[in-house]
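Worksheet for the structure shown next.
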Amino acid sequence: MKRIKIADIWKDQRISGPVLVKGWIRTLRNSKHFSFIELNDGSCLTNIQIIADNTLLNYTDVESLTTGSALAVSGTLRNSPGQGQSVEIHADTITIINKTPDSYPLQKKRHSDEFLRSIAHLRPRSNKYGAMFRIRSHVSMFIHNYFQNKGFFYIHTPVITGSDCEGAGEMFRVSNIKPGQMITQNGKPDFSSDFFGKETNLTVSGQLSAEMFALSLGDVYTFGPTFRAENSNTSRHAAEFWMVEPEMAFCDLTDTMTIAEEFIKYVVKSYLETCQEDFSLFSRFVDTELPHVMNTILSSDFERISYLEAVNILINSGKSFEFKVEFNSDLQSEHERFLSEEYFKKPVFIYNYPKNIKPFYMRMNDDDQTVAAMDLLVPNIGELIGGSQREERLDYLIKRMKDMGLKQEDYWWYIDSRKYGSVPHSGFGLGFERLLMLLTGVTNIRDVIPFPRTPGHIEF
RNA sequence: UCCCCAGUAGCUCAGUCGGCAGAGCAAUUGGCUGUUAACCAAUGGGUCCGCGGUUCAAGUCCGUGCUGGGGAGCCA
């Protein structure tokens, strides 16, 4: 008999009669003449209930099974007389694939996130993390669907890079030289003997590469791992995370905000349609406000205000912030939270930031003081998206690089793109894990990544 | 990196003023005619995070280290 997945049993109400399922025991209840076994195969949240009668040849083995054990069950799918489920399987044979010893750390009761994090190799077997990682897979596909449907091309930008793009934070060096064997000259490391012949790092952004392809294929996006060696110890930062970076030719900052808003709404809508069951777990047990949050995203027009307006709102709010609100400095976390959570109570774009707090590639505005940058702030998460219109004018770009002390020869190919057929173009980066946090109400980034990497943590 | 909080049974936690180490769940054994984190009874289970100190006496007070969590900065 062909094995059937439990998700298909719940999906297709017409299935009945003989079935074969394979999975792991979530819980087992013994009665006098038979046992109830809740079996889960990871295909969906809801278990299938197995009725194991004491007439089974191996019943004494079956009734002593433990949570986590692996079984193959063949039997008959029937309507259930009980309350909690429409159908159940009356087992004809139960093959014990693996009996789990009583040291199995997962129990049928609720565990803390901190404990489950310490057993990251087993936590996807729990309801919550099973749901989380099914959602993570689905949301990945929604992202591809959105861009593919709009004619964007998926670009695989390099993970190993020789350019210190945008000087964004600390980078992880890549080398094949053994520790202590790096040749030095005048006390400085000589990278010419290293694998690539120069200092090499893991990427902190695919943007500069993606720009080259936007200026060739029109609309492109990247979706892949990104690495930051910052010693950040917060619930919103990881050393390895995934980023979505669309880049669009013939597109200005306003267009970009429109696309970002449409994109977020598309993902939320697909999520609510496709992941109803797993979503319900998070809206019941993790954040009961989640349906409301999703509704707000779908039904509201995201606010769009300039940095100047944002600062004025903060100054006139009458709120006493720990950090003073000042022009020409970046907004603090508490400022961002106030704007999205208290003042607007919905996602808000803030655009046109002072040039001195933003990187060289952002397009200078006519006031010569601000650049065409935008951040999307969402309640509970903070910054979900950071983007900008890119500086397409060669003379502006070079002046800006000089002002910021960047060497042109390091960016010769980037500069080339402004010499040859340069056009207005824009893009943004979205933190995939932060999107998952928004969608599930989970407040720690370590709980939306299968095996999270943070400072001092590389287990698993 | 800085600030704050915590660490007691496999898990979640209680432990009063410094005076015999506790509960629920899990495990084991038995009971129970359809259960829904089943229920009932019994049994086993401890480096009270490590090290040092104060004290007649430390899970409890002090110092220090480690681990975990929350917040800040940086950012996505």
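The values are calculated or read from the model by the stated rules, or taken from the named source; none is laboratory data. This structure is a prediction, so every number in the text was calculated from the model and none was measured. For neighbour counting, all protein chains shown are included, and Cβ atoms are generated from backbone atoms with ideal geometry for every residue, glycine included.
Annotations for the structure displayed:
- Filter pass, A:Thr93 being at pLDDT below 95, among the polar types (S, T, N, Q) and away from RNA strand B (no atom under 15 Å from the Cβ): yes
- Residue in region A:160-176 that is among the hydrophobic types (A, V, I, L, M, F, W, C) and modelled with pLDDT under 85 present: yes
- Residues that are near RNA strand B (Cβ under 9 Å from one of its atoms) and either buried (at least 17 other Cβ atoms within 10 Å of the Cβ) or within 36 Å of the chain's Cα centre (by Cα) (or both), drawn from region A:68-86: A:Gly84, A:Gln85
- Which numbered condition A:Ser126 fails, given (1) buried (at least 17 other Cβ atoms within 10 Å of the Cβ); (2) free of Cβ contacts under 8 Å to residues at least 40 places away in the same chain; (3) more than 13 Å from RNA strand B (Cβ to nearest atom): (3)
- Positions within region A:335-386 being within 10 Å of RNA strand B (Cβ to nearest atom), more than 24 Å from A:Lys319 (Cβ to Cβ) and either touching a strand residue (DSSP E or B) at 6+ places or on another chain (Cβ under 7 Å) or not assigned by TED's automatic domain parsing to the domain that holds A:Ile297 (or both), in sequence order: A:Lys358, A:Ala373, A:Ile385, A:Gly386
- Restricting region A:302-334 to residues that are in a loop (DSSP other than H, G, I, E, B) and either at pLDDT 90 or above or touching a strand residue (DSSP E or B) at 6+ places or on another chain (Cβ under 6 Å) (or both) leaves a set whose member that is surrounded by the fewest Cβ atoms within 10 Å (Cβ to Cβ) is A:Asn328.
- Considering (1) closer than 30 Å to A:Trp24 by Cα; (2) touching a residue at least 40 places away in the same chain (Cβ under 8 Å), the lone condition that A:Thr157 does not fulfil carries the number (1).
- Checking each residue in region A:14-52 for being out of contact with any helix residue (DSSP H, G or I) (no Cβ under 6 Å at 6 or more places or on another chain), polar (S, T, N, Q) and without any contact (Cβ under 8 Å) to a residue 60 or more places away in the chain picks out A:Ser31, A:Asn47, A:Gln49.
- A:Asn352 passes every criterion in (1) of a type outside the set (Ser, Thr, Tyr); (2) touching a residue at least 40 places away in the same chain (Cβ under 8 Å); (3) in a helix (DSSP H, G or I) apart from (3).
- For first residues located in region A:291-319 and more than 30 Å from A:Asp367 (Cα to Cα), partners that are surrounded by 14 or more Cβ atoms within 10 Å (Cβ to Cβ) and basic (Lys, Arg) and lie 6+ apart or on another chain with Cβ distances below 7 Å form the pairs A:Thr296/A:Lys346; A:Ile297/A:Lys265; A:Leu298/A:Lys265; A:Leu298/A:Lys269; A:Ser300/A:Lys346.
- In region A:221-240, residue surrounded by the most Cβ atoms within 10 Å (Cβ to Cβ) [restricted to those that are among the β-branched types (Val, Ile, Thr) and near RNA strand B (Cβ under 9 Å from one of its atoms)]: A:Thr226
- Positions within region A:403-435 being more than 10 Å from RNA strand B (Cβ to nearest atom) and either touching a Lys or Arg at 6+ places or on another chain (Cβ under 6 Å) or not in a helix (DSSP H, G or I) (or both), in sequence order: A:Met404, A:Gly405, A:Leu406, A:Lys407, A:Tyr420, A:Gly421, A:Ser422, A:Val423, A:Pro424, A:His425, A:Ser426, A:Gly427
- Just so you know, in region A:368-401 the residues that are charged (D, E, K, R) and not in a helix (DSSP H, G or I) include one that is surrounded by the most Cβ atoms within 10 Å (Cβ to Cβ), and it is A:Arg390.
- Qualifying position, being touching a residue at least 24 places away in the same chain (Cβ under 8 Å), farther than 26 Å from A:Phe279 by Cα and touching a Pro at 6+ places or on another chain (Cβ under 8 Å), among A:Gly427, A:Gly387: A:Gly427
- Filter pass, A:Ser103 being surrounded by 14 or more Cβ atoms within 10 Å (Cβ to Cβ) and either outside any strand (DSSP E or B) or more than 9 Å from RNA strand B (Cβ to nearest atom) (or both): no
- Residues being within 16 Å of RNA strand B (Cβ to nearest atom) and closer than 30 Å to A:Ser306 by Cβ are entirely absent from region A:213-220.
- Neighbours by Cβ (under 9 Å, 6+ apart or cross-chain): first from region A:256-271, farther than 21 Å from A:Pro424 by Cα and not assigned by TED's automatic domain parsing to the domain that holds A:Arg134; second at pLDDT 95 or above and assigned to a helix (DSSP H, G or I): none
- Output for region A:436-460, where each listed residue is near RNA strand B (Cβ under 9 Å from one of its atoms) and free of Cβ contacts under 8 Å to residues at least 40 places away in the same chain: A:Gly456, A:His457
- Subset of region A:1-49 that is near RNA strand B (Cβ under 10 Å from one of its atoms) and under 13 Å from A:Ala72 (Cβ atoms) - its residue that is surrounded by the fewest Cβ atoms within 10 Å (Cβ to Cβ): A:Ile25
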